[in-house]
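A.B. asks: Below are the structure tokens for one structure; questions will follow.
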Amino acid sequence: LDLCRNAKMYYFETDHSPSMRVLGGNDQIPRALADALPDVRFNAIVESVRLTSDGVAVTYRQEDSHVTIDSDFAILAIPLTTARSMDFNSSLPSVHQKLVDEISYGAVTKVLIEYRKRFWDERGWSGRLTTDAPIVMTWHATSHFEHERGIITAYTGGGPGVKLSALSDEERIEMAVTEIEKHFPGSSKSIENVATIAWLNEPFTRGSYMALAPGDVLKHWKTLFQPAGRLFFAGEHATPVQGFMEGAVESGQRAAREILGAP
Ligand SMILES: Cc1cc2nc3c(=O)[nH]c(=O)nc-3n(C[C@H](O)[C@H](O)[C@H](O)COP(=O)(O)OP(=O)(O)OC[C@H]3O[C@@H](n4cnc5c(N)ncnc54)[C@H](O)[C@@H]3O)c2cc1C
């Protein structure tokens, strides 16, 4: 079912919208949202959520102190992989607790390699590589602007992503650089910078994005859209436009509308 959904999204849209980027970086979006809100608490790690008969109690840790907020409603907008390590004090309905515990997430890794020269232009290569080597695929990440330098992204998901997540950052970078060097001898001499991330290892994501496994749709999909008492679910996982920022925003708007209309 998830494959059908993806196929519809990618292959059957006649009116393809262009690929968009946030100039200056995506982090500007949450920063701007935070600036516009009256009360945002940074470095506050939610450790416990308790559903009560008329609200939700959320406890977070900020440095050495713990603070509990008692609210009429709450929206859980964090990845369910990180919600998994929170204590719901046995207050979640069992279908929701199962959703949190079981739903599958992807294990993407990226290696970004900045080259002083876009050697691929001279060699007639687009930057796209699809290979049965461990890195699986690459693309040119800076094609949207003119510059002497350029960045190639190595993007690895699924089983290969799990394997690359288990490597150290240095080993993962080395693997990607070596693979590209194999196809384009001499290319590694013009490397200026490298960076890598394995979302599985990030404490606040513990996975890339929801990647439904066989059986997940029938077991969990509907529950994503049902509140647990006065706790609502939002985020990239709780929307039909799943896996995208657009979907995350849509889900937040949906949850807010539902709360405004709630008794
Ligand atoms: C490799 C990769 C490529 C992607 N490419 C694209 C793309 O091209 N286009 C696109 O639209 N989307 C893309 N996405 C998806 C996009 O990044 C997500 O859909 C979007 O960031 C989800 O937003 P969100 O608000 O649901 O979750 P997040 O952005 O993950 O925000 C959740 C927040 O909750 C915080 N948090 C987690 N646990 C706790 C806790 N216990 N207490 C307090 N805070 C906590 C986190 O720190 C984070 O700030 C990509 C994602 C990945 C991993």
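The values are calculated or read from the model by the stated rules, or taken from the named source; none is laboratory data. All of these numbers come straight from a predicted model, not from anything done at the bench. With ideal geometry, Cβ positions are generated from the backbone for all residues, glycine too; neighbour counts draw on all protein chains shown. All accessible areas refer to the heavy atoms of the entire protein, side chains included, with ligands and DNA or RNA removed. Shrake-Rupley method; radii C 1.70, N 1.55, O 1.52, S 1.80 Å.
A.B. asks: Of the numbered conditions (1) in contact (Cβ under 8 Å) with a residue 60 or more places away in the chain; (2) on the phi > 0 side of the Ramachandran plot; (3) within 10 Å of the ligand (Cβ to nearest atom), Gly229 fails exactly one; give the number of that condition.
C.D. replies: (3)
A.B. asks: Let me ask you something else. Would you mind telling me which numbered condition in (1) open to solvent by 90 Å² or more (accessible area, probe 1.4 Å); (2) assigned to a helix (DSSP H, G or I); (3) farther than 17 Å from Leu224 by Cα; (4) modelled with pLDDT of 95 or more Ala32 fails?
C.D. replies: Exception for Ala32: condition (1).
A.B. asks: Run Leu231 past the list (1) of a type in the set (A, V, I, L, M, F, W, C); (2) in the same structural domain as Met137 (by TED's automatic domain parsing); (3) touching a Leu at 6+ places or on another chain (Cβ under 7 Å) and report the number of the one that doesn't hold.
C.D. replies: With respect to (1) of a type in the set (A, V, I, L, M, F, W, C); (2) in the same structural domain as Met137 (by TED's automatic domain parsing); (3) touching a Leu at 6+ places or on another chain (Cβ under 7 Å), Leu231 is out only on (2).
A.B. asks: Does the range 87-99 contain at least one residue that is assigned by TED's automatic domain parsing to the domain that holds Ser190 and part of a helix (DSSP H, G or I)?
C.D. replies: No: the range 87-99 contains no residue that is assigned by TED's automatic domain parsing to the domain that holds Ser190 and part of a helix (DSSP H, G or I).
A.B. asks: Do you know which residues across the range 174-195 are within 16 Å of the ligand (Cβ to nearest atom) and open to solvent by 30 Å² or more (accessible area, probe 1.4 Å)?
C.D. replies: Passing the criteria: only Ala195.
A.B. asks: Exactly one of these conditions fails for Arg21: (1) open to solvent by less than 40 Å² (accessible area, probe 1.4 Å); (2) in contact with a His (Cβ under 8 Å, 6 or more places away or on another chain); (3) assigned to a loop (DSSP other than H, G, I, E, B). Give me its number.
C.D. replies: (1)
A.B. asks: Continuing with this model, one more query. Return the pairs, sorted by first residue and then second, in which the second residue is within 12 Å of the ligand (Cβ to nearest atom) and open to solvent by 50 Å² or more (accessible area, probe 1.4 Å), the first residue lies in the range 67-95 and is of a type in the set (Ser, Thr, Tyr), the beta carbons are less than 7 Å apart, and the residues are 6+ apart or on different chains.
C.D. replies: Pairs that qualify, where the first residue is of a type in the set (Ser, Thr, Tyr) and the partner is within 12 Å of the ligand (Cβ to nearest atom) and open to solvent by 50 Å² or more (accessible area, probe 1.4 Å), are Thr81/Arg206; Thr82/Phe204; Thr82/Arg206.
A.B. asks: Here's another thing I want to ask about it. Collect the residues in the range 247-263 that are over 23 Å from Arg50 (Cα atoms) and either in a loop (DSSP other than H, G, I, E, B) or more than 12 Å from the chain's Cα centre (by Cα) (or both), keeping them in residue-number order. Before you say what the answer is, go through the steps one by one.
C.D. replies: Within the range 247-263, the first condition is being over 23 Å from Arg50 (Cα atoms), and the residues that meet it are 247-250, 253.
Matches in the range 247-263: Val249, Glu250, Gln253.
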